[in-house]
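Colleague: Shown below is the structure under consideration.
Just so you know, all these numbers are worked out from the coordinates, no wet-lab data involved. Small disclaimer: the values here were computed from a predicted structure and weren't measured. So basically every Cβ, Gly included, is an ideal-geometry build from the backbone, and we count neighbours across all protein chains shown.
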Amino acid sequence: MKTATKEAAVAAPGKPFLMRIGIGLFGIGMLAVLAVFIMFAAGLENLPVWLSAAAGIITPLGLLLGLIALVREARAKKAD
């Protein structure tokens, strides 16, 4: 039985592709949010629109993709 457990652990796939994309987008979005806060704290008033859009759109998009991947994974495990 121990060999079957080891083989199953080795053969287990990593994170789903959708989860990896969600984590990446969320990380990029959080960097954009951090940049906006730092620039605003430094006294800059006219922040780039693309940076504000990235902070406001990419972060929740990454979170949404990650949650969708988690739900899909949980449903797949439940169906097994």
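Colleague: From the phi angles alone, apply the Karplus equation (6.51, -1.76, 1.60; θ = phi - 60°) to the stretch 26-35 and give each ³J(HN,Hα) in whole Hz, x where the residue is Gly or Pro.
Modeller: The phi angles translate into 5, x, 5, x, 5, 5, 5, 4, 4, 5 Hz.
Colleague: Return the sequence-ordered ³J(HN,Hα) values of the stretch 58-72 in whole Hz as given by the Karplus equation 6.51 cos²θ - 1.76 cosθ + 1.60 applied to θ = phi - 60°, using x for Gly and Pro.
Modeller: Whole-Hz 3J(HN,Hα) from phi for the stretch 58-72: 5, 4, x, 5, x, 4, 5, 4, x, 5, 4, 5, 5, 5, 4.
Colleague: Please list, short to long, the whole-number percent of alpha-carbon pairs of the stretch 17-80 in consecutive 5 angstrom bins beginning at zero.
Modeller: Per 5 Å bin, starting at 0, the Cα pair percentages come out as 4, 20, 20, 16, 13, 9, 7, 5, 3, 2, 1, 0.
Colleague: If Lys and Arg each add +1 and Asp and Glu each add -1, what is the summed charge of the other residues whose beta carbon sits under 10 Å from the beta carbon of residue 18?
Modeller: The answer is +2.
Colleague: Using r as the Cβ-Cβ distance of residue 45 and residue 80, and R0 as 41 Å, what FRET efficiency do you calculate, to the nearest 0.05?
Modeller: So, using R0 = 41 Å, E works out to roughly 0.15.
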